[in-house]
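Encoded as structure tokens, the structure appears first; notes follow it.
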Amino acid sequence: MTSTILIEGSARHAHVTQGDLETLFGAGYALRVKRELSQPGEFLSEEKLRVEGPKGAIDRVSILGPVRRATQVELSLTDTRVLGLDAPVRESGDVEGSAPIRLIGPAGSVDLTQGAIVAKRHVHLRPQDAEAIGVVNKQIISVRADGPRAVTFHEVVARVHENFMPAMHIDFDEMNAAGLGGSVQGEILL
């Protein structure tokens, strides 16, 4: 692998447990696949939620599947301002002490005492790809993106796992600030 990486924008979304899914959509409910995502086994579901914070709400928030061990909502910083949340910038899954948020579905609601985060920008790599460029799991790297508003993203977490496909994930605040869209490549800088 060269040091180039696909950069993908990640829209606001939720990951839910089976129990919370059933509270939101009904007993025995299963997520329906709308579209496969770049990471193997991950998918955008047909299901949408309303999320509420102290100052506002956002409708039609997507749920990504499959179900997880903990429910969380990944937002942009702009979203947190709309909702009135003080959500920390964290890696996905690191929700301890994060912001509370309410999820509303057609069958019920779930009030999370923690679970709202702004996802830390990250790069997915397979072990052989990471080794080829000299990167280890959890290493903090930078990624340069050329374009109309060229930018270097710092504080990017390298996440290495044999089931990953190489891709960088940033939220749409970051995509828009850099003027990025469509299929974009970045260069990993060590």
Open item on the list: Taking the conditions exactly as written (touching a residue at least 24 places away in the same chain (Cβ under 8 Å), surrounded by 15 or more Cβ atoms within 10 Å (Cβ to Cβ), among the charged types (D, E, K, R) and more than 23 Å from N176 (Cβ to Cβ)), does D79 satisfy them or not?
Closed with: no
Open item on the list: Restricting to the range 42-55, name every residue that is open to solvent by 20 Å² or more (accessible area, probe 1.4 Å) and either of a type in the set (S, T, Y) or not in a strand (DSSP E or B) (or both).
Closed with: E42, G53, P54, K55
Task: Odd one out for Q39, checked against (1) over 23 Å from D173 (Cα atoms); (2) part of a loop (DSSP other than H, G, I, E, B); (3) open to solvent by less than 20 Å² (accessible area, probe 1.4 Å) - done: (1)
Open item on the list: Taking the conditions exactly as written (open to solvent by 70 Å² or more (accessible area, probe 1.4 Å), assigned to a helix (DSSP H, G or I), within 24 Å of S62 (Cα to Cα) and not aromatic (F, W, Y)), does N163 satisfy them or not?
Closed with: no
Task: Residue ranges of strands (runs of 3 or more DSSP E) in the range 92-145 with at least 3 members open to solvent by 50 Å² or more (accessible area, probe 1.4 Å) - done: 109-119
- [ ] Kindly provide the set of residues from the range 23-36 that are open to solvent by 80 Å² or more (accessible area, probe 1.4 Å) and either hydroxyl-bearing (S, T, Y) or part of a loop (DSSP other than H, G, I, E, B) (or both), ordered by number.
- [x] A27, R32
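The values are calculated or read from the model by the stated rules, or taken from the named source; none is laboratory data. Bear in mind that the values here come from a model prediction, so they are computed numbers and not experimental data. As a convention, Cβ positions derive from the backbone with ideal geometry for all residues, glycine included, and neighbour counts pool all protein chains shown. The accessibility values were calculated without ligands, DNA or RNA, using every heavy atom of the protein model including side chains. Shrake-Rupley method; radii C 1.70, N 1.55, O 1.52, S 1.80 Å.
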